[in-house]
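Have a look at the structure below, then the notes.
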Amino acid sequence: MEDCLAKKMEITVSEAEKRTGRNAMNIQETYTAYLIETRAVESQSEGQCGPVESLWRRYSEFELLRNYLSVTYPHIVVPPLPEKRADFVWHKLSADNMDPDFVERRRIGLENFLLRVASHPVLCQDKIFYAFLTQEGGWKEMVNETGFQLKADSRLKALNATFRVKNPDKRFTELKHYSDELQSVISHLLRVRARVADRLYGVYKVHGNYGRVFSEWSAIEKEMGDGLQSAGHHMDVYAASIDDILEEEEHYADQLKEYLFYAEALRAVCRKHELMQYDLEMAAQDLTSKKQQCEELATGTVRTFSLKGMTSKLFGQETPEQREAKIKVLEEQIQEGEEQLKSKNLEGRDFVKSAWADIERFKEQKNHDLKEALISYAVMQISMCKKGIQVWTNAKECFSKM
């Protein structure tokens, strides 16, 4: 962690700007650009920082960066991006992806994504990531030159590997089930939170009716008028405070959403391991088949039915020279296959070792972050309840003075 980029560079997504331009299809579109500001922290002189550098990036460029990282580092649980369009929101809050409040929350989420990557012991050292932060022009071309997209396309078959792996790793199978359950639990939690937020909104706003009624009532009373008017004022203030409170609560919801999306990042690592396991099993099966063919040619016995065996019986046996040539070719293929199998075994062991180390790192981070988010949410709920008690305490004092 001492060598990670986050220790050497301050990274912020300082503002968002709505823009209009033409896309690759020459169609006019409206989009949001985000200003990334970086500043090198000089280690030689304590507390001294370098000049601020800045550049603009679109959300699609953040997506490109994350896709590149996911393909290039298959064993790593790559941090997720904030949602492109709002989900799990209480109904009074806009789900429009151009809504200023949503754009602000996404700005915070994008900054969090960059800080996650910059704090990761492996990802922070990637040159493409560093260029994303510091090089505005030519960055996309730089990414495409890595050829990562070809790797991504070749791994599409990973989607079906799950159903064909004969000996799946129990640890990764359990991890995949855990990620499914984590996603399900957080989804339910966010839905419940949205319903609670809706109900709170209604309760607070109904207090505005108290304010109106007390105010109207005060107009026809002499001795009681001032007390009713003051109590109504407290109710009005209380009712008006809910909008800011629930918008603040959305930031806590965004912390939960990050781990909702992290669940998919965990499953991605599991799928990549399944693909490696499938490739390994196919290589072992192919090697066994070639060894059997070689043995059959050497001994002249056919263990299993084959079209070639039937052809030999119908049209005569091969000459010794032909058989020797085939055996030689097979022996070369067997040697290549054994080396390939050894390489795949080694690659698989390295993947498991690296992936599991990163998964353990992720679990520690998850436990810490979710604990903090839930505590913050509880503190906010307690604060809201205290505010309600205070409002009615104030109202009681107003009534007592009548």
Looking at the structure I just gave you, is S184 surrounded by 13 or more Cβ atoms within 10 Å (Cβ to Cβ), at pLDDT 90 or above and of a type in the set (S, T, Y)? no
Would you be able to say whether some residue in the range 218-226 is within 30 Å of S354 (Cα to Cα) and either of a type in the set (F, W, Y) or open to solvent by less than 50 Å² (accessible area, probe 1.4 Å) (or both)? no
Filter the range 256-277 down to the residues that are open to solvent by 30 Å² or more (accessible area, probe 1.4 Å) and within 20 Å of R349 (Cβ to Cβ) and list them by number. R271, K272, M276, Q277
Only one of Q317, Q292, Q285 is open to solvent by 80 Å² or more (accessible area, probe 1.4 Å), modelled with pLDDT of 80 or more and out of contact with any Leu (no Cβ under 7 Å at 6 or more places or on another chain); which? Q285
Report, by residue number, each residue of the range 136-177 that is modelled with pLDDT under 85, closer than 25 Å to L65 by Cβ and among the aliphatic types (A, V, I, L, M). L150, A152, L156, A158, L159
Do we have V192 as under 30 Å from E247 (Cβ atoms), modelled with pLDDT of 90 or more, open to solvent by 70 Å² or more (accessible area, probe 1.4 Å) and in the same structural domain as I245 (by the TED database) here? no
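Can you tell me how many residues within the range 344-370 are of a type outside the set (D, E, K, R), open to solvent by 40 Å² or more (accessible area, probe 1.4 Å) and without any contact (Cβ under 8 Å) to a residue 40 or more places away in the chain?
Total meeting the criteria: 4.
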Working only within the range 261-298, note down all residues that are of a type in the set (V, I, T) and touching a residue at least 24 places away in the same chain (Cβ under 8 Å). V269
Can you say whether Q322 is at pLDDT below 85 and outside any helix (DSSP H, G or I), as far as the supplied structure shows? no
Residues satisfying the stated conditions in the range 201-226, i.e. of a type in the set (G, A, S) and under 20 Å from K387 (Cα atoms): G202, G208, G211
Determine the pairs where a residue that is farther than 18 Å from H75 by Cβ, located within the range 151-177, has a partner that is of a type in the set (S, T, Y) and at pLDDT 80 or above with Cβ atoms under 8 Å apart, the partner being 6 or more residues away or on another chain. R164/Y278
Options D279, D244, D286: the member that is of a type outside the set (F, W, Y), assigned by the TED database to the domain that holds L374 and farther than 30 Å from V352 by Cα: D244
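The values are calculated or read from the model by the stated rules, or taken from the named source; none is laboratory data. Since the model is a prediction, treat every value here as computed from it, not as a measurement. Note: ideal-geometry Cβ built from the backbone for every residue, glycine included; neighbour counts use all protein chains shown. With ligands, DNA and RNA removed, areas are computed over all heavy atoms of the protein, side chains included. Shrake-Rupley method; radii C 1.70, N 1.55, O 1.52, S 1.80 Å.
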